[in-house]
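To keep things clear, I will list the structure first and then write my remarks on it.
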Amino acid sequence: MRIVGGKYRNRRLNPPGEMAARPTTDYAKEGLFNVLQHGHAIEGCRVLDLFAGTGNISLEFLSRGAASVLSVERDATLGRFMTRTATELGEQAWRQVKGDVFAFLKSHRGRYDIIFADPPFDLDGIATLPTLVFEAGLLEPDGLLIVEHSERMDLSTLPGYQRTRKYGTIHFSFFQLPAEPETSAP
């Protein structure tokens, strides 16, 4: 696993061998960031990385100029790995939170330009993520929510859905805040 672009380009990450995470492949990550670079400014943005795992995506955002990244991960081993990596790089803009993502979404207050979620593919509740993010008010009005999921899941009927990009068996579905329904004057 490596960082594919930016100031940390080609830096290899060597996560702990006993991890239970499924890191985003370099191929899928490269495709995702090509899409982002051509349609959404990364430099200077605030990023929330849910189900951060090894911090692979968090570090990719930082490498490409994100102003700050907050990574949420439940696994303590992976959290320590991210903290150690941030310290080794001297990366001051990267914070980690150990905790359950669903509980975090119900209690956290903050606003982000990009929210990335890479839940375990067999996790219950993946389809609730866009609604939880929108209801918590975590996404800036012109912000972007990206959910990584397997080819077996279709998120196209969810509120705020924009499109899905496919890279092998990895799919990224993109969401923006749904438009407020227009009210007619009495």
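Would you be able to tell me the number of residues in segment 44-95 that are more than 17 Å from Asn10 (Cα to Cα), touching a strand residue (DSSP E or B) at 6+ places or on another chain (Cβ under 7 Å) and surrounded by 21 or more Cβ atoms within 10 Å (Cβ to Cβ)?
16
Tally time: how many residues in segment 96-138 are surrounded by 13 or more Cβ atoms within 10 Å (Cβ to Cβ), farther than 17 Å from Met153 by Cβ and of a type in the set (Asp, Glu)?
Total satisfying the criteria: 1.
Please enumerate the residues belonging to segment 90-142 that are under 13 Å from the mean Cα position of the chain (by Cα), in contact (Cβ under 8 Å) with a residue 60 or more places away in the chain and closer than 17 Å to Phe61 by Cα.
Tyr112, Asp113, Ile114, Ile115, Phe116, Ala117, Asp118
Of everything in segment 105-143 that's assigned to a helix (DSSP H, G or I) and of a type in the set (Gly, Ala, Ser), which residue is nearest to Arg74 (Cα to Cα)?
Ser107
Could you tell me which numbered condition Leu70 fails, if it satisfies all but one of (1) in contact with a Lys or Arg (Cβ under 6 Å, 6 or more places away or on another chain); (2) part of a loop (DSSP other than H, G, I, E, B); (3) modelled with pLDDT of 95 or more?
Unmet condition: (2).
Would you mind telling me which numbered condition in (1) surrounded by 16 or more Cβ atoms within 10 Å (Cβ to Cβ); (2) under 19 Å from Ser58 (Cα atoms); (3) modelled with pLDDT of 95 or more Thr164 fails?
Only one criterion is unmet by Thr164, namely (2).
The values are calculated or read from the model by the stated rules, or taken from the named source; none is laboratory data. Keep in mind the model is a prediction, meaning the values are calculated, not measured. So basically every Cβ, Gly included, is an ideal-geometry build from the backbone, and we count neighbours across all protein chains shown.
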